[in-house]
Amino acid sequence: MKKPILQAKNLTKRYRQGEAWIEALKGFSYDFPPGVTAVVGPSGSGKTTLLNLLAGFDTPTEGEVYLAGNPLHALGEDDRAGVRLLHAGFVFQSWNLLPTLTALENVAFPMLLKGVPAKERTERARALLAEVGLSHREDHFPRQLSGGEQQRVAIARALALDPLVLFADEPTGNLDSAAGSRVLELLVRQAQGERRVVLVTHDPEVAARAERILRLKDGALIEIQERP
Ligand SMILES: Nc1ncnc2c1ncn2[C@@H]1O[C@H](COP(=O)(O)OP(=O)(O)O)[C@@H](O)[C@H]1O
Ligand SMILES: [Mg+2]
């Protein structure tokens, strides 16, 4: 049997709030196909909760989640972190980059964690920065870069270990429309081969770039819309 690259089975997440429980995600099941899948829904509908479960940052109250064939729901925190390092890349709305590292060092960082030799790290980081159009910014620190440039560095870093899944949570949320388009263009372009790109957004224009849109409401998956 083929191992699921990104699959959720009946995922439920409940948070305790004082005496009450909040059901942030309710019985979410989906086997993500290759390509770009957008996750949309109003604020509080469970988008970030879902992403945190799919990536193994958090564990479900009920249900199963597989990343690169690994049962994240059955693994401890360290093992989940290991799976994540090897198979997932992340681009968040903000606070993506390590402020004390240059752009090149940020991109090389996941390879350092994996134990890739220094020369290879630098070469690959250079190539990735070139791919996102930032060769001239290699030695800049995050604070010396624009928001759009920082997101492009974040994309380069997310690709450092050639992940099977690329997760993005409101990746264009803090950018003006020109910078946002460029970041979105780069993200969409990364959906090659077996790779899955999961794009969490509340912006319909961003979601329209995906091959399919999953709509959440009050923690439930209420619609799956395939692009014609
Ligand atoms: N750590 C937490 N503890 C308690 N409640 C939480 C926690 N994280 C999220 N929630 C609640 O779960 C629901 C879904 O939140 P979230 O996944 O952040 O939604 P979205 O990303 O769609 O805005 C909300 O009602 C939110 O308040
Ligand atoms: Mg959110």
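None of the figures in this text is laboratory data; all of them are computed from the coordinates on show. Keep in mind it's a predicted model, so treat the numbers as computed, not measured. Please note: Cβ atoms are built from the backbone with ideal geometry, for glycine as well, and neighbour counts cover all protein chains shown.
For the chain, the alpha-carbon coordinates run over 50, 41, 37 Å along the three principal axes, in decreasing order.
Neighbouring Cβ atoms within 10 Å as the yardstick, rank TYR66, TYR15 fewest first.
Fewest-to-most Cβ neighbours within 10 Å comes out as TYR15, TYR66.
Cβ-Cβ distance of GLU226 and LYS2, R₀ of 25 Å, FRET efficiency by 1/(1 + (r/R0)^6): the value works out to about 0.70. FRET efficiency for ALA81 and ARG16, Cβ-Cβ distance as r, R0 = 25 Å, nearest 0.05? The formula returns an efficiency of 0.55 here. Couplings for the stretch 186-191, taken from phi via the Karplus curve 6.51 cos²θ - 1.76 cosθ + 1.60 with θ = phi - 60°, read 5, 5, 4, 5, 7, 7 Hz in order; Gly and Pro are left as x. Comparing GLU19, GLU64, GLU77 in a Gaussian network model of the chain (Cα springs below 10 Å), the most mobile by mean-square fluctuation is GLU19.
What the Cβ-Cβ distance of SER177 and ARG126 gives, at R0 = 25 Å and to the nearest 0.05, is a FRET efficiency of 0.25.
What's the exposure ranking of HIS87, HIS136, going from fewest to most Cβ atoms within 10 Å?
Starting with the residue having the fewest Cβ neighbours, the order is HIS136, HIS87.
Residue by residue, the stretch 3-8 carries 3J(HN,Hα) couplings of 6, x, 7, 8, 9, 10 Hz when phi is fed to the Karplus relation 6.51 cos²θ - 1.76 cosθ + 1.60 (θ = phi - 60°); x denotes Gly or Pro. In this structure, the amide hydrogen of LEU6, modeled 1.01 Å from its nitrogen in the peptide plane, lies closer than 5 angstrom to those of PHE32, ALA68, counting only residues at least 5 positions away or on a different chain. If you restrict to DSSP beta bridges whose two residues both lie in the chain, what percentage is antiparallel, to the nearest 5? Restricted to the chain, the bridges split so that about 55 percent are antiparallel. Model label points for SER94 and LYS114, set 7 angstrom from Cα along the Cα-to-Cβ axis, are 3.0 nm apart. Across ALA118, ALA127, ALA74, mean-square fluctuation computed from a Gaussian network of the chain (C-alpha pairs under 10 Å connected) peaks at ALA118.
Applied to the stretch 85-101, the Karplus parametrisation 6.51 cos²θ - 1.76 cosθ + 1.60 on θ = phi - 60° returns per-residue 3J(HN,Hα) values of 4, 7, 10, 10, x, 9, 10, 9, 5, 7, 6, 7, 9, 7, x, 8, 10 Hz, with x for Gly and Pro. Here's how it looks for VAL39: its modeled amide H is under 5 Å from those of LEU199, VAL200, THR201, LEU214, which are all 5 or more places away or on a different chain. Ordered by the count of other Cβ atoms within 10 Å of each Cβ, fewest first, PHE57, PHE90 give PHE57, PHE90.
Counting 0.36 nm for each residue step from ASP162 to HIS136 and taking away their Cα separation leaves a gain of 7.1 nm. Just GLN151, GLN192, GLN17 to compare: in a GNM of the chain, with alpha carbon springs under 10 Å, which one fluctuates most? Most flexible of the set in this elastic network: GLN17.
Take every Cα pair under 8 Å whose residues are at least 6 apart in sequence, average their separation, divide by the length of the stretch 57-199, and the relative contact order is 27 percent.
The slack in the chain from ASP203 to GLU62, taken as 0.36 nm per residue of separation less the alpha-carbon distance, amounts to 47.8 nm.
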